[in-house]
Amino acid sequence: VLLFDYAFYASAGTIALIIAVVGFVAYKTGQFGGGDVLLLLGIHLLLPVNPQVQYAVYPFVLSVLVAATFFDSAGSAVWYAKRLWEEKKLVGTKIWLVLAAITAVAGLIVFLPVFTATKAKLILIALSTSTIFLMSFRAELNQVIIKRISIKEVEDEDILALEEMPAGLVKKYSLGKVLTKSEVEKLKKIEEKEGMRRFPVYKELPRFGPYLLAGLLVSLAVGDLVAFVFFK
């Protein structure tokens, strides 16, 4: 920055703009928290170059995001497994079929000579286990995550479960997923004119911030998690 490297400004600025635009779209569609977008933008602006890799293929912030996403997947699977166990939803034939599928995939990863490094096999097993679990119990998870609450219980930037709302009301009031002040005002109109008192909201979504911190620390330590695990 102090050397007024204009090529550096252009590169870092372009990536920051991409993060802002893509992050805004992801935020408005309820896929990503607004605070998380700002965290990623801040990480990039403070560390636009990977301090561990001299010639990185992609921006440092992408290494952080990939590592954070992996930790989020594994952590969310553990957290939601605990919640489903507490709600007594991990019962019946389905759980045994899921365990069988996880065991089969883990066995393939262990015995197939695709990646020989133990750390690569462990990462793949963790990723496949969390993915199989979260996809298999998606319907049960929605029963735990989605809560029907009153407008007074809505918190800033909660995510509205549009798929659980009457399609006619969603279209009539042009409802968005992220419950900003303007969207809450729409819910108040629905409450007043349509008589709807409780609204489906995603209330137990994982917090991505701690996983971003974990991804940042790991990326600072090893450079890039994918390269470290599979290629180093």
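What follows is calculated from the coordinates using simple rules that are stated; it is not laboratory data. Worth saying up front: this structure is predicted, and the values here are computed from it rather than measured. Virtual Cβ from ideal backbone geometry, glycine too; neighbours counted across all protein chains shown.
Label sites at Thr29 and Trp96, each approximated as a point 7 angstrom past Cα along Cα to Cβ, lie 4.0 nm apart. About its Cα centre, the dipole of region 130-218 is roughly 240 debye, where the only charges are +1 on Lys and Arg Cβ and -1 on Asp and Glu Cβ. Between Lys186, Lys147, Lys88, the Gaussian network model of the chain with springs among Cα atoms under 10 angstrom shows the greatest mean-square fluctuation at Lys88.
Of the DSSP H helices in the chain, those that are both long (alpha-carbon extent of 24 Å or more along the helix axis) and hydrophobic (Kyte-Doolittle mean at least -0.5) are 6-28, 60-86, 93-111, 118-136.
Taking region 1-72, which chymotrypsin sites (Phe, Trp or Tyr not before Pro) meet the DSSP loop condition and have no more than 15 other C-beta atoms within 10 Å?
Answer in residue order: Phe4, Tyr55.
Among the GluC sites (Glu not before Pro) within region 57-142, those in coil by DSSP and having at most 13 neighbouring Cβ atoms inside 10 Å are Glu87. Which of these values of percent of Cα pairs over 33 Å apart was calculated from the structure shown: (i) 20; (ii) 25; (iii) 34? Here percent of Cα pairs over 33 Å apart agrees with entry (iii).
With a threshold of 18 Å on the Cα-Cα distance, the over-threshold entries among Lys94/Lys119; Lys82/Lys177; Lys94/Lys147; Lys88/Lys152; Lys89/Lys147; Lys152/Lys186 are Lys94/Lys119; Lys82/Lys177; Lys94/Lys147; Lys88/Lys152.
Can you give the net charge of the other residues whose Cβ lies under 13 Å from the Cβ of Pro206, counting K and R as +1 and D and E as -1? So the environment of Pro206 carries a net charge of +1. Taking packing as the residue-averaged number of other Cβ atoms within 10 angstrom, the listed peptides 192-198, 168-174 run from highest to lowest as 168-174, 192-198.
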